[in-house]
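Have a look at the structure below before the remarks.
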Amino acid sequence: MMEKQHKRNYELKIRYINIDNNLNHNTIYPVLFTPLKEKKTVEKARPFFICLIEQNLKSKKITEINYFRMAIEPISFKLYDEIITKIYDMQKELNTQNEKEIKVDLCEIFRSY
């Protein structure tokens with residue numbers, strides 16, 4: 001993050017990311033997500049993901065973004081039914097936990113009255 005008098009710049013770079021499939025040892029796709037190694041990418045060694053944001057600080061009441069830029073290099077993303085089912089089950093479990101927390105919070109609020 002870089003800040004000047006009337007603007008603030010944010011920059012996020014991810015040089016490389018690799019997500020492996022660790023659900024079982026005999027899998028169709030051992031690597032689920034990885035950048036593709038193209039000739040131009042290897043030669044220039046560019047980051048996999050870049051996000052640049054410039055925020056205008058002149059106004060204190062609103063958040064003004066002067067520009068937003070994002071670039072993603074080519075990727076390989078492989079999913080199959082077992083992975084999709086696991087993601088769905090995880091999301092369902094998270095929703096159930098959140099509902100329980102909300103119910104507990106509401107009970108505590110009503111007890112205080």
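Taken together, the values in this text are just the output of simple stated rules run on the coordinates, not laboratory data. For clarity, every value in this text was computed on a predicted model and none was experimentally measured. Methodologically, a virtual Cβ is constructed for each residue, glycine included, from the backbone with ideal geometry; neighbour enumeration extends over all protein chains shown.
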Task: Sites Asn26 and Asn98 - FRET efficiency at Förster radius 41 Å, r taken between beta-carbons, to 0.05 - done: 0.75
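Rank these for me by crowding, Asp20, Asp81, going from fewest to most other beta carbons within 10 Å.
The order, fewest Cβ neighbours first, is Asp81, Asp20.
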Task: Hull shadow area, averaged, segment 2-78 [alpha-carbon convex hull, nm²] - done: 7.7 nm²
Task: Difference of contour (0.36 nm per residue) and Cα-Cα distance, Leu79 to Ile19 - done: 20.4 nm
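Between Asp89 and Arg8, take the C-beta separation as r, use R0 = 41 Å, and let me know the FRET efficiency to the nearest 0.05.
Working: r = 40 Å, r/R0 = 0.98.
Computed FRET efficiency for Asp89 and Arg8: 0.50.
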TODO: Quick one: which residues, 5+ away or cross-chain, put their amide H under 5 Å from the amide H of Leu32? H built at 1.01 Å from N.
DONE: Ile19, Asp20, Asn21
Task: Centre separation in Å (Cα based) which lies between segment 10-40 and segment 60-78 - done: 21 Å
